[in-house]
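The values are calculated or read from the model by the stated rules, or taken from the named source; none is laboratory data. In this text the structure is predicted, and so the values were computed from the model without any measurement. A quick note on method: Cβ atoms are made from the backbone with ideal geometry, for glycine too, and the neighbour counts reach across all protein chains shown. In case anyone asks, the SASA skips ligands and DNA or RNA and just uses the protein heavy atoms, side chains included. Shrake-Rupley method; radii C 1.70, N 1.55, O 1.52, S 1.80 Å.
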Amino acid sequence: MVNLILFGPPGSGKGTQSANIIQKYGLIHLSTGDLLRSEIGDKTPLGQEAKKFMDQGLLVPDEVVIGMISSKLDANPDARGFIFDGFPRTTAQAEALDKLLALKKTSISTVLSLEVPEDALIKRLLNRGLTSGRSDDASEDVVKARIVEYHNKTAPVADHYAKFGKFKKVKGDGTEEEVFELLSKELDELVGEKVQ
Ligand code: ADP
């Protein structure tokens with residue numbers, strides 16, 4: 001199996017590039033942000049609880065997102081591999097993910113980190129807020145709170161994987177095509193083309 005973490009701050013392009021990666025390499029996309037928004041849309045108790053945190057730009061509690069990922073891994077026993085987008089976002093989540101994958105006799109293959117300067121991130125997110133309908137993109141205060149959470153809680157996840165030599169930075173502020181080309185360079189050898 002090939003298990004990829006697409007890493008980077010809010011607005012760095014993880015969702016956009018995940019779509020490109022899935023199409024080319026046939027991995028299963030697990031985005032905790034998308035999963036949480038779908039729970040909110042379905043008005044489940046989990047969604048209603050998560051919304052309180054998301055609306056303030058804060059991370060949702062670890063046990064909530066770890067539980068969601070665990071059930072998605074179980075639901076896809078024949079996957080060729082997974083691309084994790086927006087997860088893990090804390091060191092506790094990274095440790096939990098390592099354990100879940102070890103139970104399945106697999107592990108993280110690599111972490112690719114999209115590097116984008118902070119002023120560009122804020123512009124991208126506020127811009128997305130104009131059309132995405134995402135309330136957490138619409139307010140500059142909430143966008144900034146998410147970036148603070150990223151620095152405090154998520155940035156340390158980089159060290160967790162760097163320790164195992166699994167962390168690689170990719171320049172993320174080019175065009176969508178340029179960034180995908182850089183990601184493809186890393187992935188071609190690792191994943192190979194999609195098996196039809
Ligand atoms: P972005 O990367 O643009 O912030 P996401 O869709 O990945 O967008 O996440 C939106 C919100 O969902 C986050 O601000 C956070 O509240 C919540 N969230 C998503 N993934 C996680 C996670 N792994 N752990 C905790 N909270 C999460």
message: Can you give me the distance in nm between label points at residue 189 and residue 71, each placed 7 Å from the Cα along the Cα-to-Cβ direction?
response: 4.0 nm
- prompt: How big, on average over all directions, is the shadow cast by the Cα convex hull of the chain, in nm²?
  reply: 10.7 nm²
- line: Rounded to the nearest whole number, the Stokes-Einstein translational diffusion coefficient of the stretch 78-185 at 37 °C and 0.692 mPa s (Kirkwood radius, C-alpha pairs) in µm²/s is 209 µm²/s
- prompt: Is any helix in the chain, taking whole DSSP H runs, at least 15 angstrom long along its axis by alpha carbon and on average at least -1.0 on the Kyte-Doolittle scale, and which ones?
  reply: 14-25, 62-75, 91-103, 118-132, 176-191
task: Tally up the carbon and sulfur contribution to the accessible surface of the stretch 1-115 as a whole percent, 1.4 Å probe, everything protein left in place.
output: 54 percent
Inter-probe distance in nm under a simple model that places probes 7 Å from Cα toward Cβ, at residue 52 and residue 162: 3.5 nm
message: Which order do you get for 144, 24, 185 if you rank them by accessible area with a 1.4 Å probe, largest at the top?
response: 185, 144, 24
- prompt: 222 nm [θ] for the chain, helices only, -39500 (n - 2.57) per DSSP H run of 4+, per residue, to 500?
  reply: -17500 deg cm²/dmol
message: Taking the alpha-carbon distance from residue 104 and a cut-off under 19 Å, which aspartates and glutamates remain once sequence neighbours fewer than 8 residues away in the same chain are dropped?
response: 74, 78, 95
